[in-house]
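See structure below.
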Amino acid sequence: MSDHEVETFESTDAGASKTVPMQAGSVRKGGYIVIKGKACKVIDVSTSKTGKHGHAKCHFVAEDIFSGKRCDELVPAGHNLEVPVVSKSEYTLLDIDDDDHMSLMDEKGETREDLKLPDDRSGDTAFALGQEVQKKFDEGLELVVTILSAMGIDQLCAWKEAAN
């Protein structure tokens, strides 16, 4: 690069990882793992003993945290798995527009309007939750919604009535 060229950056990402490595034998029921690129919550873990030639194996039965679909993974206990960085945030629901975009406000008073209610492509449970939130909002209830974030995806995962 010469002195006259200006360096440009295409991304403004802070560089935080969406996953962290963890040894398969350390993952427990109720924890999170990545299976086929999807963030999943572990429903059941079973560990087989070491065989004549190999490692102990961990069999994970998990559920996609966004769609609710079940998936399985079989991994040697000593190998590393990707574990998604999962966070939950609560927001006050201010409005739902005609395109199903939610206007949300956090406890600091900052708003976001980039999330839609889950549609029928999001899985049956997420779609039903979105319909329930729409119905309660239409009835005039003040709601607090919980947004689950993992691997660059944000989605509605729960709601409750706001305490007045």
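The values are calculated or read from the model by the stated rules, or taken from the named source; none is laboratory data. A quick note: this is a predicted structure, and the numbers were derived from the prediction, not measured. All Cβ positions, even for glycine, are placed from backbone atoms using ideal geometry, and neighbour counts span all protein chains on display. For the accessible areas, the whole protein counts, side chains as well, though only heavy atoms, and no ligand, DNA or RNA atoms are used. Shrake-Rupley method; radii C 1.70, N 1.55, O 1.52, S 1.80 Å.
Set the Cα radius of gyration of the stretch 54-98 against 2.2 N^0.38 Å, with N its number of residues, and you get 1.86.
The modelled label-to-label distance for the pair residue 79/residue 131, using points 7 Å beyond Cα in the direction of Cβ, is 4.0 nm. Couplings 3J(HN,Hα) for the stretch 76-86, derived from phi with the Karplus relation 6.51 cos²θ - 1.76 cosθ + 1.60 (θ = phi - 60°), are x, 4, x, 7, 8, 10, 8, 10, x, 7, 10 Hz, where x marks Gly and Pro. Normalised by the number of residues in the chain, the mean separation of alpha-carbon contacts (under 8 Å, six or more apart) gives a relative contact order of 19 percent. Cα to Cα, under 16 Å, and not fewer than 8 places away if on the same chain: which lysines meet these conditions relative to residue 29? Counting by Cα, and skipping residues close in sequence, residue 29 has these lysines nearby: 41, 57. Of the solvent-accessible surface of the chain, computed with a 1.4 Å probe and all protein chains present, 47% belongs to carbon and sulfur. log10 I(q)/I(0), Debye, Cα-only the stretch 82-132, no solvent, q = 0.18, 0.23, 0.26, 0.30 Å⁻¹? The Debye formula, applied to the Cα set alone, gives -0.69, -0.96, -1.05, -1.12. Less than 5 angstrom separates the built amide H of residue 158 from those of 146, all sequence-distant by 5 or more or on a different chain. The long axis of helix 124-138 is offset from the longest Cα principal axis of the chain by roughly 20 degrees. Taking 19 Å as the limit for the C-alpha separation, the pairs 38/135; 69/135; 88/136; 108/136; 116/136; 135/160 exceed it in the case of 38/135; 69/135; 88/136; 108/136. Average accessible surface for the chain: 67 Å² per residue, computed with a 1.4 Å probe over protein heavy atoms with every protein chain in place. For the chain, the share of alpha carbon pairs falling in successive 5 Å distance bins from zero is 1, 8, 14, 16, 13, 12, 11, 8, 7, 5, 3, 2, 0 percent.
Mean projection of the Cα convex hull over all viewing directions, computed for the stretch 13-78: 5.3 nm². Over the stretch 93-164, the ratio between the Cα radius of gyration and 2.2 N^0.38 Å evaluates to 1.04. Once the chain from residue 151 to residue 52 is taken as fully extended at 0.36 nm per residue, the excess over their C-alpha distance is 31.8 nm.
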